[in-house]
1. Restricting to the range 176-218, give me the number of residues that are in a strand (DSSP E or B), out of contact with any helix residue (DSSP H, G or I) (no Cβ under 8 Å at 6 or more places or on another chain) and of a type in the set (D, E, K, R).
2. Residue check, Val187 against (1) buried (at least 16 other Cβ atoms within 10 Å of the Cβ); (2) under 20 Å from Ile66 (Cβ atoms); (3) touching a residue at least 40 places away in the same chain (Cβ under 8 Å); (4) touching a strand residue (DSSP E or B) at 6+ places or on another chain (Cβ under 7 Å), all met but one. Which one?
3. Yes or no: Lys84 free of Cβ contacts under 8 Å to residues at least 40 places away in the same chain, exposed (fewer than 15 other Cβ atoms within 10 Å of the Cβ) and not in a helix (DSSP H, G or I)?
4. Under 8 Å by Cβ, and 6 or more places apart or on different chains, what pairs join a residue from the range 95-111 that is exposed (fewer than 12 other Cβ atoms within 10 Å of the Cβ) with one that is of a type in the set (Lys, Arg)?
5. From (1) within 15 Å of Gly223 (Cβ to Cβ); (2) surrounded by 14 or more Cβ atoms within 10 Å (Cβ to Cβ); (3) modelled with pLDDT of 90 or more, pick out the condition that doesn't hold for Leu75.
6. Return a yes/no flag: does the range 29-44 have any residue that is within 18 Å of Val88 (Cα to Cα), outside any strand (DSSP E or B) and at pLDDT below 90.
Amino acid sequence: MLAIAGVLLQSCSRDVYNNNTYIASNATAGHTVAILPVEVDLTGRLPKGYTRENELRDEENESIAIQNMIYSEYLFKAKSTNKKKASVKLMNTELVNSKLKENGINTRQSWEMNPDSLGKLLGADLVLKIRVQKRRVMSETASLGIGVATTVLDRVLDKSTGSSNSTLINTGAKTYSIVLNGTLSDVKTHTVVSKITKEQDADWKRSPEEVLKSTSAKLVRKGAVYAQQ
């Protein structure tokens, strides 16, 4: 039990889980990977006047934007530094989306469908399913105001106490709380190959796009596969 707990804690600390048993017994090198349109859920204190139509439009736009960002991370930045990682072929995201459209499946509909079933439809061996929840806390303007006020207060307190350690980070200034869940699975066996769960905050100094890019890069670096150039 202690050994199992240790493995679980180690996996959590790395954020990315890899199925080493699957990797050791399956030759995935050269297999085709399809990155599905990313499921996006916008929640929280949305801007005043923000309609349901705005929400649906932005969720679908961000879905494709994040899908392409992950594709780019694999295509241009992934390098295998571990012999256990398999080199795979990436299906172009435009091809993925056009094939789905040809089969009468739009972006939002793809979110609700079984990812492995979509992988078979696309002719892929492995499929990457990503879900992103963005909970809006406040605007960037409000976050900036809190950040500036906190910085000024910290400096005043530092001077009054003679301390040189300023606490410039204020957790109350976050704009978004972002949770990304991703699963790379084998289309035929439905086996999880790699998995990531990561929660981070955005604020006036770090945009949601930067947060998502960082998380995507971690999946690319630590996952079980890397893309052929």
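1. The number of residues fulfilling the criteria is 3.
2. (2)
3. Numbers: free of Cβ contacts under 8 Å to residues at least 40 places away in the same chain: no; exposed (fewer than 15 other Cβ atoms within 10 Å of the Cβ): yes; not in a helix (DSSP H, G or I): yes.
No: the conditions fail for Lys84.
4. That search, which allows pairs on different chains as well, returns nothing.
5. Checking Leu75 against (1) within 15 Å of Gly223 (Cβ to Cβ); (2) surrounded by 14 or more Cβ atoms within 10 Å (Cβ to Cβ); (3) modelled with pLDDT of 90 or more, the one that fails is (3).
6. Restricting attention to the range 29-44, the residues satisfying the condition of being within 18 Å of Val88 (Cα to Cα) are 29-36.
Going one step further and asking which of them are outside any strand (DSSP E or B), we end up with 29-31, 36.
Still in the list and also at pLDDT below 90: 29.
Looking for residues that are within 18 Å of Val88 (Cα to Cα), outside any strand (DSSP E or B) and at pLDDT below 90, one finds at least one in the range 29-44, hence yes.
The values are calculated or read from the model by the stated rules, or taken from the named source; none is laboratory data. Because the structure is a prediction, the values reported are computed rather than measured. For neighbour counting, all protein chains shown are included, and Cβ atoms are generated from backbone atoms with ideal geometry for every residue, glycine included.
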